[in-house]
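The values are calculated or read from the model by the stated rules, or taken from the named source; none is laboratory data. Computed from a predicted structure; not experimentally measured. So basically every Cβ, Gly included, is an ideal-geometry build from the backbone, and we count neighbours across all protein chains shown.
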Amino acid sequence: MAVQAFHTLWCRGLIATAAAAAALAAIEAAAAGRPARATAKPGLSAQVASLPAAGQPPSSGRAELGQDKADAERCVECHGLQGQGAGHPNGAEARVAKLAGQRASYIAKQVQDFRSGRRKHDQMAIVARNVADEDLHDIAAWFASLPPMNSGSTASANAAQGQALFEQGDPQRGIVPCGSCHGPQGRASEGSTADAPRLAGQEWRYLDQQLRAWRDGSRSNGPTPVMNQIARSLTDNEIEALAEFLSSR
Ligand code: HEC
Ligand code: HEC
């Protein structure tokens, strides 16, 4: 009990980080010529729900109901009150995916895959079995409506190699440019393949881990085997460079 209370309080402390992310999102939104959505407090949620989130396909979920449900289903304990992930940025908890600004349809599909066992993760399997689909769609719509994920990391020298591979691929090794599906800069914008998730601003440790999982086949829940095929030819260095590039976007 005491540990739980401490954990919750500690997570609330992350609001400060989220506020910084919201400020950045406002700048990003202005640049993209769309209205900024700084917070998703209940009073604003009706407006939030009526705005199409960045690059999101329309979703059947009700974002205005999703925040309370994400709290009740304890998603925010691990994924953060603003979907920016919880935990110390250098700790193992940094491998919890950020969900803010992620496509709603992608979020819902992943939880359903954890439930069916198509994607494997012990904690998420338990969570997924306990959440009803209707609630899941509302929660997914709420996470999608939040200011987009932001890792706060800046591009390293290594990131340039990642950027080149992301934008141009490597035809000789059958690596299709990642951006052709994940959108320019990994923002999964309109016009990119609807199934591909947002990668920009995601935590680099999580991206690094997922690319290794696609490569060794321990993750294989894609609608097609394309992610496994592409990752198979990536070297460790390339995976690190891609993760660093994407998290700094
Ligand atoms: C106990 C901690 C915990 C809780 C509670 C939790 N998650 Fe997760 N979630 C994780 C971790 C850790 C991962 C990364 C799994 C992996 O490495 O494959 C994850 C992954 C995910 C993913 C995949 C993200 C991606 O980019 O592919 C989605 C979607 C997700 N969770 C949604 C939810 C929702 C919705 C809830 C509440 C109903 C929830 N989670 C509750 C820990 C948690
Ligand atoms: C042909 C389209 C396509 C191309 C090209 C592609 N991807 Fe993907 N990628 C997808 C799809 C679709 C998914 C989601 C699969 C699922 O439903 O789980 C995905 C998932 C991912 C994920 C998991 C994200 C998460 O939140 O868990 C990462 C990381 C990723 N791709 C990185 C890359 C990188 C890096 C490249 C280039 C080297 C690339 N992808 C090229 C379609 C593509």
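Below, the figures for the structure above:
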| read-out | value |
| --- | --- |
| Residue selected from segment 162-200 under the condition at pLDDT 95 or above and polar (S, T, N, Q), by the criterion nearest to ligand 1 (Cβ to nearest atom) | Gln163 |
| Wholly enclosed helices (runs of 4 or more DSSP H) of segment 93-185 bearing at least 1 residues within 14 Å of ligand 2 (Cβ to nearest atom), more than 19 Å from the chain's Cα centre (by Cα) and hydroxyl-bearing (Ser, Thr, Tyr) | 104-116 |
| One residue from Asn221, Asn228 being under 26 Å from His121 (Cα atoms) and near ligand 2 (Cβ under 6 Å from one of its atoms) | Asn221 |
